[in-house]
């Protein structure tokens with residue numbers, strides 16, 4: 001909605017990759033459909049779930065929701081790409097199936113991206129721990145490619161892309177085991193684009209369930225190092241940026 005109170009005509013496409021997400025998918029979808037900004041399409045891509053995730057999504061009776069059911073498990077990155085293929089919005093956002101948004105997240109982001117005609121925006125977020133407590137992750141006010149190599153501060157569930165300036169191919173995610181989202185941000189920023197942040201919490205990142213996925217920290221670091229090996233920079237710079245990434249990742253969680 002603009003300053004005169006008129007409904008904004010720009011459509012926002014929201015993409016959720018889903019795989020066995022029955023524990024939190026209802027809260028996630030509700031946080032999107034209940035946004036104060038109403039001109040949205042929500043694309044839920046089910047990545048061959050074997051629980052009752054699909055049935056839970058089908059309980060929502062909202063014409064803005066599209067459910068895509070994949071015939072085989074292809075992973076979160078390619079599931080997001082399927083969602084991108086089906087998107088028709090002026091802006092594209094992502095949210096993971098166990099995260100959720102504050103209810104004016106899209107309204108604030110659309111106003112922000114339109115006011116300054118930005119291409120790529122993100123925001124602060126909060127880590128939601130298993131015990132119900134939370135910790136705010138403060139992100140830089142803006143970031144370019146060189147800075148992003150040293151600080152992987154951009155959280156997937158806070159991103160918004162302005163598709164007036166980007167193609168779907170620009171934001172397709174690579175099919176790699178870890179860091180598909182970060183690799184995508186780097187790909188976009190590498191074009192000379194700078195990303196800008198709203199420095200307030202607009203999304204909650206549920207770490208309680210995700211910690212088990214990275215319980216072996218050495219394996220997690222090894223997968224992250226593979227991400228840096230893909231970049232066309234010197235080996236010394238890769239080591240330097242990787243060390244900065246580790247430092248900043250720890251700092252965000254303190």
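The values are calculated or read from the model by the stated rules, or taken from the named source; none is laboratory data. Please read these numbers as outputs of a predicted model, since none were measured by experiment. Cβ coordinates were reconstructed from backbone atoms using ideal geometry, including for glycine residues, and neighbour counts include every protein chain displayed.
Within segment 49-69, the set of residues being surrounded by 15 or more Cβ atoms within 10 Å (Cβ to Cβ), in contact with a strand residue (DSSP E or B) (Cβ under 9 Å, 6 or more places away or on another chain) and not in a strand (DSSP E or B) comprises 49, 53, 54, 57, 60, 64.
Residue-wise test of (1) modelled with pLDDT of 95 or more; (2) within 20 Å of the chain's Cα centre (by Cα); (3) within 23 Å of residue 245 (Cβ to Cβ).
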residue	(1), (2), (3)
50	yes, no, no
55	yes, no, no
62	yes, no, no
67	yes, yes, no
78	yes, yes, no
88	yes, yes, no
94	yes, yes, yes
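Determine which single condition residue 8 fails, assuming it passes every other condition in (1) free of Cβ contacts under 8 Å to residues at least 40 places away in the same chain; (2) within 25 Å of residue 123 (Cα to Cα); (3) in a loop (DSSP other than H, G, I, E, B). Unmet for residue 8, out of (1) free of Cβ contacts under 8 Å to residues at least 40 places away in the same chain; (2) within 25 Å of residue 123 (Cα to Cα); (3) in a loop (DSSP other than H, G, I, E, B): (1).
Here residue 41 meets the list (1) assigned to a loop (DSSP other than H, G, I, E, B); (2) touching a residue at least 40 places away in the same chain (Cβ under 8 Å) almost entirely, failing just condition (1). Scan segment 79-101 for residues that are in a loop (DSSP other than H, G, I, E, B) and over 11 Å from residue 18 (Cα atoms) and the total you get is 5.
Screening residue 9 against (1) surrounded by 15 or more Cβ atoms within 10 Å (Cβ to Cβ); (2) at pLDDT below 95 leaves a single unmet condition, (1). If you check residue 20 against the conditions, is it under 13 Å from residue 69 (Cα atoms) and surrounded by fewer than 18 Cβ atoms within 10 Å (Cβ to Cβ)? When the stated conditions are applied, residue 20 passes them. Please work out if residue 223 is surrounded by 12 or more Cβ atoms within 10 Å (Cβ to Cβ), at pLDDT 85 or above and farther than 28 Å from residue 109 by Cβ. Criteria not met by residue 223. Being touching a residue at least 12 places away in the same chain (Cβ under 8 Å), part of a helix (DSSP H, G or I) and either over 22 Å from residue 174 (Cα atoms) or touching a helix residue (DSSP H, G or I) at 6+ places or on another chain (Cβ under 9 Å) (or both): is that true of residue 27 here? In short, yes.
Looking only at segment 103-124, filter to residues that are under 23 Å from residue 44 (Cα atoms) and crowded, with 19+ Cβ neighbours inside 10 Å; which one of those is farthest from the chain's Cα centre (by Cα)?
Within segment 103-124, the first condition is being under 23 Å from residue 44 (Cα atoms), and the residues that meet it are 103-110, 120-123.
From the residues that got through so far, the ones that are crowded, with 19+ Cβ neighbours inside 10 Å too are 105-106, 109-110, 120-123.
Numbers: 105: 13, 106: 13, 109: 14, 110: 16, 120: 12, 121: 11, 122: 9, 123: 11 Å.
Checking each candidate, the answer is 110.
Counting only residues that are in contact with a strand residue (DSSP E or B) (Cβ under 6 Å, 6 or more places away or on another chain), assigned to a helix (DSSP H, G or I) and touching a residue at least 60 places away in the same chain (Cβ under 8 Å), segment 109-124 holds 2 of them.
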